[in-house]
Structures are given as structure tokens and as C-alpha cells.
Amino acid sequence: MAHTMKMLRLGTRGSPLALTQAGLVRDALLAAHAIEVEIVPIRTTGDRVQDRALAEIGGKALWTKELDRALLAGEIDAAVHSMKDVETIRPPAIAIAATLPRADVRDRLIGAPAIEALPHGAAIGTSSPRRAAQLRRLRPDLVPVVFRGNVDTRLAKLATGEVAATLLAAAGLERLGRHDTGVPIPPEVMLPAPAQGAVGIEARADDAETATLLAAIDHPPTHACVLAERALLAALKADCHSPVAALATLANGVMTLAAELLSEDGAAHVSGEAQGQPGDLSFAGDLAADLLRRAPDAVRKLFAA
């Protein structure tokens, strides 16, 4: 009786990567359930305004507010996000219902074989305060240049020589089939952004039917790690101006959360790690407090805590 089949409308940004990620969610849902899934692209302010740094024009909400509006208005049943782009404090009416298995968490350097190999004073395209600060901590002579746009736009800017190199998330490059683009940077050299490599699906908090459908495709280890990284951000009161890196890993039922806070120029930084149980994220708050206590003033002033 196909006419009674549930139709799930998945909202997504319209960029090639966002549509690819929505396709991964759709495929997972179709494999799990006898339902129909429609992908609904929604244009966001972040996609429209490409000439300024995100932090200047409203931060991460640029990627989410139009999707949030469509979700709360009932125009879509769920929204697919790169979790590192989702602001830390979400509306109470919206819940993170599921996450796909996490992909490669690393950054990739494109344009040079290694950070050490970059020419002195080279311009590096990045719109991420974290990447800019981490690069300048390793190489104070490098000059970060604001670089916005989707993956293809950024690679085109690099190809025309606007900058010597750029950094992009390995996960996004791989999802776009660009397996050979760039050189992965180990997390011990550059700790990634919180939630990097994770695709999340949000739904209305009161929509039990959609929550049940999405629960079938949730990857609990990824979900737990993303929640721990986001709990750290919340405790730090970090925003998109704050250079912060974090990575949670799970082994034998124990979660390890590593984090690093930096000044904007990378000259000052503090790092640390904590361990705890995935079901009790209080250790993320403890780590945040420890980092802020030990942080140099140049770092602490970038966090509102």
C-alpha cells in the first residue's frame, strides 16, 4: 500500500557538499525504512554573502537560521547539517536527532606538501579563526587571508594564485570524491574544529515519528563525541570568533576529550585533555574550566566565560 508510505522532507543547504551529505542521509533512511525521502534545498544567507568573514555577518546562524525557520514552520521534517557549522546553543524546539558515522576529522593542506614547505610570508586562504591561529602558531610569518565559498570556489581561488595554499576539511573533500586533494595534517599538529567530519540531522523536538525514523540511522559513538565537543564549546561560551579546537575519541567505553584554545595570532595558547563516560558530559565542563584557568590573558579574553 504505497499510498500510505511516509514521506520525509529533508532540508539542506544548496552547496554541492551539503547536497552530497543530504544524499548520504537519504540513502541511509531508504536502507532502514520503507519510506520516501525528498531533499529540499534551502538558500541560506551564508551561501548568498561570500565576500566577508562569517563572524562579521552573523556567525554560524547564517547556515542554520533559514533551515530552522523551515523546520519550525513544518516545511521540512528534518534538516541536514555539517555539525561543525551548527551554533552551540540551539532553539529548545529543535533537537539533534541523529549523526552519521564520523568521517576523517583532519584538515588537509592544499597547495604545499607540508606547512614547513610554505614560502616565507605566504598568504593562506582560510575563513576559520582556528585554522588561522594554529597556522600562525606553527609559522608566525604566514599571512591568513579571508577565504569564503564552497569547496570548488576555494580551490578555484587557489588555482588562480590568490593565495599560496588553503586548508579544507578532509571529510568534505572525500565526500565530494576529491580523495587526492591536499595533504592530511595529523591532529597532533592541528587539532580539528569541534564536530569536524560529522553530519548531523535535526528535527522538531516534539516530532516523535521523525525522531524514531532518524534514530535508526544514528551512529551512537559519533553522536556522543559530537555532544562532548559541543558541551565544551557551551562551557567556554565560545562563538565563531573564538579560536578553539577539540576532538573527542572513544576507546573501551572511555571518552577522551582533547582541546586547545588560542589567541587570534596564535602566539598564546593553552591545551589539555580530560576523560570521562560518554553518558556523563560533566568532564567537558571541567576541562573548559581548567583551560580557562590556565589560559594566558590574550586567550581568555576571547571567551565570554
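Please pick out the residue among Gly23, Gly74, Gly14, Gly59 that is in a loop (DSSP other than H, G, I, E, B), surrounded by fewer than 21 Cβ atoms within 10 Å (Cβ to Cβ) and at pLDDT 95 or above.
Gly74
All conditions but one from (1) in contact with a Lys or Arg (Cβ under 7 Å, 6 or more places away or on another chain); (2) touching a residue at least 60 places away in the same chain (Cβ under 8 Å) apply to Val226; the one that does not is (1). On the given criteria, is Leu302 of a type outside the set (Phe, Trp, Tyr) and either touching a strand residue (DSSP E or B) at 6+ places or on another chain (Cβ under 7 Å) or not in a loop (DSSP other than H, G, I, E, B) (or both)? Criteria not met by Leu302. Out of Glu202, Glu188, one residue alone is surrounded by fewer than 18 Cβ atoms within 10 Å (Cβ to Cβ) and within 26 Å of Val86 (Cα to Cα). It is Glu188.
Only residues that are touching a residue at least 24 places away in the same chain (Cβ under 8 Å) and outside any helix (DSSP H, G or I) were counted in region 128-170, giving 16. Examine region 115-127 for a residue that is at pLDDT 95 or above, surrounded by fewer than 18 Cβ atoms within 10 Å (Cβ to Cβ) and under 18 Å from the mean Cα position of the chain (by Cα), and state whether such a residue exists. Scanning region 115-127 turns up no residue that is at pLDDT 95 or above, surrounded by fewer than 18 Cβ atoms within 10 Å (Cβ to Cβ) and under 18 Å from the mean Cα position of the chain (by Cα). Where strands (runs of 3 or more DSSP E) sit wholly within region 86-127, those with at least 1 residues that are among the acidic types (Asp, Glu) occupy 107-110. Of all the numbered requirements in (1) surrounded by 20 or more Cβ atoms within 10 Å (Cβ to Cβ); (2) more than 22 Å from Val244 (Cα to Cα), Thr160 misses one, and that requirement is (1).
The values are calculated or read from the model by the stated rules, or taken from the named source; none is laboratory data. From a predicted model like this one, the values you see are computed outputs, not experimental measurements. Please note: Cβ atoms are built from the backbone with ideal geometry, for glycine as well, and neighbour counts cover all protein chains shown.
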